[in-house]
């Protein structure tokens, strides 16, 4: 078996915690970016409607907040990961393989969070236009952007299940 | 960026609720007199409540529309497709009043991209450099043509063609599919009108070449050649283009053709009702408002002149809402 000089002087397992933390950061970061963009877009539309008709504030506020959930999901995944990898206390001695696994586990929430928040925002902006013209259709207008939420929730589930399962693996 | 107009489009969506609907027009049609029509309009919030005449009421509504758009965006450049006709009308007025020495009394329209006073000054001093380049060239050419030939129609032809080319350029440069489509439609339908009128009045090929503005949906050479022969040839040519229906409407009457043109524009902008982004809904709102004001003008004229309802109704266009 060939062992390189680098292997002799560097312990690769020390990078495990680095990759695990990178996963937690990405989940919070990308989910947060997506939600910030999304809530910003829907906020503009909501402000436009309220400028003309302040009475619609309650309805458009709900629609504005819908793309904000991805940021919360990202925070949740980041928090769980930090807890699992011992950064918030406990043993932070994680192998390189486990570190990469934590990174992989965080990616569904990070990527789906970013993309779904932006697309949910577009659906919400459209629904705000719908409510502006037909306030009695608020229930239906809620459903269209809420459908996008499904995929953020699915990504959240996969990330959570993966993060909790990695600890029991002997790698 | 399409996201730049989210706030504006949301406000436009709310304002669209105040546009006149078909039942509103029916209510106006049912009014027994011109004065009753005006009262109904004022009850609906038209005018500033102190309008003394119908024209003033309609002018106030037009001004309200542009004031609203100015609130939404600082950059009105994309709307030049709608403003150029005002500018070129003012150039015509400035050129003709300067050349004839007539006093310019209520000949200028408000709301163009260039201040009428600046236009007048440019023509009076024969210094067109203060105007936008395209406009300056056309104004200078029209001014010298009128001075040298005294032919007012030729002067109009130069400015009308420059206006159409300006609209086309503005539409293409806007990057908006709707603005480009609108500019193309306006240019093509205007070319058709020019060709038909020129054919009926037996104008020369040189006149047609000078008047028709080249656009991508019409071959102006073929149109001009057909118009030089006979009207039926124009209809045959149009039937092979996407304006085939125009030929049928022209055979019916000029007013049927005018209605068809306006309905085509309305068909073009109606797609914007489901577009929550881009500048498209803003343009659609302005056109919808202008269409609505024209409808009210037709109804008011009908009431004032005591025309039969059927005559007025056949001139009413499709509405945006």
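The values are calculated or read from the model by the stated rules, or taken from the named source; none is laboratory data. For clarity, every value in this text was computed on a predicted model and none was experimentally measured. All Cβ positions, even for glycine, are placed from backbone atoms using ideal geometry, and neighbour counts span all protein chains on display.
Out of the residues in the stretch A:15-39 that are surrounded by fewer than 24 Cβ atoms within 10 Å (Cβ to Cβ), in contact (Cβ under 8 Å) with a residue 60 or more places away in the chain and over 19 Å from residue A:159 (Cα atoms), state the one that is farthest from the other protein chains (Cβ to nearest Cβ).
Among them, the one singled out is A:15.
Provide a single number: the residues in the stretch A:128-145 that are surrounded by fewer than 16 Cβ atoms within 10 Å (Cβ to Cβ) and in contact (Cβ under 8 Å) with a residue 40 or more places away in the chain.
Number satisfying all stated conditions: 0.
Kindly indicate which of B:259, B:251 is over 20 Å from the mean Cα position of the chain (by Cα) and surrounded by fewer than 22 Cβ atoms within 10 Å (Cβ to Cβ).
Values: B:259 fails: over 20 Å from the mean Cα position of the chain (by Cα).
Checking each option against the conditions leaves just B:251.
Only one of A:113, A:99 is more than 14 Å from every other protein chain (Cβ to nearest Cβ), out of contact with any strand residue (DSSP E or B) (no Cβ under 6 Å at 6 or more places or on another chain) and under 21 Å from residue A:38 (Cα atoms); which?
Working: A:99 fails: under 21 Å from residue A:38 (Cα atoms).
Within the list A:113, A:99, the selection yields A:113.
In the stretch B:78-106, which residues are surrounded by fewer than 16 Cβ atoms within 10 Å (Cβ to Cβ) and in contact with a helix residue (DSSP H, G or I) (Cβ under 8 Å, 6 or more places away or on another chain)? So that I can check it myself, show each step before the final result.
Residues of the stretch B:78-106 surrounded by fewer than 16 Cβ atoms within 10 Å (Cβ to Cβ): B:100-106.
Residues satisfying the conditions are B:102, B:103, B:104.
Name every residue in the stretch B:15-60 that is in a loop (DSSP other than H, G, I, E, B), within 14 Å of chain A (Cβ to nearest Cβ) and closer than 21 Å to residue B:316 by Cα, in order of residue number.
In the first step, residues of the stretch B:15-60 are kept if they are in a loop (DSSP other than H, G, I, E, B); the result is B:19-21, B:31-33, B:44-53.
Filter once more, keeping what is within 14 Å of chain A (Cβ to nearest Cβ): B:19, B:21, B:45.
B:19, B:21 - these are the residues of the stretch B:15-60 that are in a loop (DSSP other than H, G, I, E, B), within 14 Å of chain A (Cβ to nearest Cβ) and closer than 21 Å to residue B:316 by Cα.
Looking at (1) crowded, with 17+ Cβ neighbours inside 10 Å; (2) at pLDDT 90 or above, can you tell me which one residue B:278 breaks?
Every listed condition holds for residue B:278 apart from (2).
Can you list the helices (runs of 4 or more DSSP H) found entirely within the stretch B:224-321 that contain at least 2 residues being closer than 30 Å to residue B:41 by Cα and touching a helix residue (DSSP H, G or I) at 6+ places or on another chain (Cβ under 7 Å)? Reasoning before the result, please.
Numbers: elements: B:231-239, B:244-252, B:254-270, B:280-304, B:309-313.
Output list reads B:254-270, B:280-304, B:309-313.
Is it true that some residue in the stretch A:60-73 is over 28 Å from residue A:162 (Cβ atoms), assigned to a helix (DSSP H, G or I), within 14 Å of chain B (Cβ to nearest Cβ) and free of Cβ contacts under 8 Å to residues at least 24 places away in the same chain? Even if it seems obvious, please write down each step before you answer.
Applying the first criterion (over 28 Å from residue A:162 (Cβ atoms)) to the stretch A:60-73 yields A:60-64.
Pick out the ones that are also assigned to a helix (DSSP H, G or I) and you get A:60-64.
Add one more test, that the residue is within 14 Å of chain B (Cβ to nearest Cβ), and what stays is A:60-61, A:63-64.
Now narrow it down to the ones that are free of Cβ contacts under 8 Å to residues at least 24 places away in the same chain: A:61.
Checking the stretch A:60-73: at least one residue is over 28 Å from residue A:162 (Cβ atoms), assigned to a helix (DSSP H, G or I), within 14 Å of chain B (Cβ to nearest Cβ) and free of Cβ contacts under 8 Å to residues at least 24 places away in the same chain.
What is the one condition in (1) within 24 Å of the chain's Cα centre (by Cα); (2) within 14 Å of chain A (Cβ to nearest Cβ); (3) at pLDDT below 95 that residue B:12 does not satisfy?
With (1) within 24 Å of the chain's Cα centre (by Cα); (2) within 14 Å of chain A (Cβ to nearest Cβ); (3) at pLDDT below 95 applied to residue B:12, the lone miss is (3).
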